[in-house]
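J.: Encoded as structure tokens, here's the structure I'll be asking about.
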Amino acid sequence: MTVKVGIPRALLYYQYHVLWITFFKELGAEIVLSDYSNKEILNRGTQSTVDEACIPIKLFHGHVESIKARVDILFIPRITSVHRDEYICPKFCGLPEMIKNSISHLPPLISPDINLFTSNKSYDKVIYEIGNTFTKDKRIIQRAYKKAREKYKDHCLRMKENHEIKASHDLIRSGLRDRKKRIMLLGHPYHLYDSFLNRNIACLLLRSGFEVITPEMFNRKDTDPYMDLYPARFFWTFANKLLGTAAYCVEKRNIDGFIYISTFGCGVDSVVADLAEKEICEKRKIPFLLLTLDEHGGEAGFHTRVEAFMDMLEWRMRDEDNISSYGQYLYRSESHV
């Protein structure tokens, strides 16, 4: 009998779904994904978790609620670190316990400890721990993981080439500049790629003729050296990724505006968004928009702010950058009567 493995379509699903899905399929499991995020899922998650949780955590609870009765096992890893000498949000460390204590009638959980802070070698133990649920043959587990890694690498390569990014990325690397409008979206993967959570901002920008750039389109070996522009490195993986990418693109002067997408209650973003704004907007005079999402915000008001930001960029480009990132003219015309 085929085991049905449930994977909630939330949080780091948007970063690692290809890796996870391929691995489980190669082990003979049937994958059951929750639906795309929607208002009903968010409402269910809000009801089943603590008020202090951020929206992505509430959404995750809702996804679990929506899928728990349709699967034999739920995959909810306990993730501490995905990069050496760095951590991710503390909420991920206790996510399996949060789910167990908030949601009743759960199927068994696969909750391996993923902690790469000191070494990637610990990942081998995680792979076998997960694989033992389906087979005791280590060769099968190794082959399944090798296939999953190959597909994940291909996925990451496609991400870098998304939205015709290759030509733009070459321009950014070389420091050249054309006049096509580019907006970089900054934020955690689950902010940028959950279209319900971010009100489908990428489609809005693309329909308006902007090219959309995201941090996943850059390698950390290119962006990490630019973290030296900040007073200190952070222990947070996403913070280093976002700030390093922003500083890299600012230095190459090939991004016309930045939009940082955050959610209410995110402790990491309360620090990182402020640093990003100071570096991008105040020091470098590049337009910057911070969008803080919550479960009560309407789509109309959100789109109005984004449209106003796009209009400002259009005016700025039309007037040859004579409008500052704060909206004031950088020169004053003299009247000749």
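The values are calculated or read from the model by the stated rules, or taken from the named source; none is laboratory data. Since the structure is predicted, the reported quantities are computational estimates derived from the model, not experimental observations. As a convention, Cβ positions derive from the backbone with ideal geometry for all residues, glycine included, and neighbour counts pool all protein chains shown. Quick note on the areas: whole protein, heavy atoms, side chains included, nothing else; ligands and nucleic acids left out. Shrake-Rupley method; radii C 1.70, N 1.55, O 1.52, S 1.80 Å.
J.: What percentage of the solvent-accessible surface of the chain, computed with a 1.4 Å probe over protein heavy atoms, is contributed by carbon and sulfur atoms?
T.: Result for the chain: 51 percent of the exposed heavy-atom area is carbon or sulfur.
J.: What fraction, in whole percent, of alpha-carbon pairs in the chain exceed 35 Å separation?
T.: Taking all Cα-Cα pairs of the chain, the fraction more than 35 Å apart is 27 percent.
J.: Where both residues lie in the chain, what percent of DSSP beta bridges are antiparallel, nearest 5?
T.: 5 percent
J.: Per residue, how much accessible area does the chain show when a 1.4 Å probe rolls over the protein heavy atoms, in square angstrom?
T.: Result: 49 Å² per residue.
J.: Something else: Largest first, please: the extent of the C-alpha atoms of the stretch 1-90 along each principal axis, to the nearest Å.
T.: Projected onto its principal axes, the Cα set of the stretch 1-90 covers 39, 37, 17 Å.
J.: Output the 0 to 90 degree angle, nearest 10, between the alpha-carbon long axis of helix 267-277 and the longest principal axis computed from the alpha carbons of the chain.
T.: 30 degrees
J.: Then there is this: What is the percent of Cα-Cα separations in the stretch 193-299 that go past 19 Å?
T.: Counting every Cα pair in the stretch 193-299, those more than 19 Å apart make up 46 percent.
J.: Working with all protein chains in place, sort Arg84, Arg199 by solvent-accessible area computed with a 1.4 Å probe, largest first.
T.: Arg84, Arg199
J.: Something else about it: Taking the Cα atoms only, what angle lies between the long axis of helix 39-48 and the longest principal axis of the chain, rounded to 10 degrees?
T.: Here the helix axis deviates by roughly 60 degrees.
J.: Antiparallel DSSP bridges in the stretch 1-137: what percent, to the nearest 5?
T.: 10 percent
J.: I'd like the accessible area for Trp315: 1.4 Å probe, protein heavy atoms, all chains in place, Å² to the nearest 10.
T.: 120 Å²
J.: If you take the charge dipole of the chain about its Cα centre, with +1 on Lys and Arg Cβ and -1 on Asp and Glu Cβ, which of Ile255, Pro77, Cys203 is farthest toward its positive end?
T.: Checked the options; the winner is Pro77.
J.: Pairs Lys181/Lys278; Lys181/Lys252; Lys160/Lys278; Lys125/Lys153; Lys121/Lys160: which exceed 18 Å Cα-Cα?
T.: From Lys181/Lys278; Lys181/Lys252; Lys160/Lys278; Lys125/Lys153; Lys121/Lys160, over 18 Å: Lys181/Lys278; Lys160/Lys278; Lys125/Lys153; Lys121/Lys160.
J.: Below 8 Å between Cα atoms, with a sequence gap of 6+, how large is the relative contact order for the chain in percent?
T.: 16 percent
J.: 222 nm [θ] for the chain, helices only, -39500 (n - 2.57) per DSSP H run of 4+, per residue, to 500?
T.: Using -39500 (n - 2.57) per qualifying helix, the result is -14000 deg cm²/dmol.
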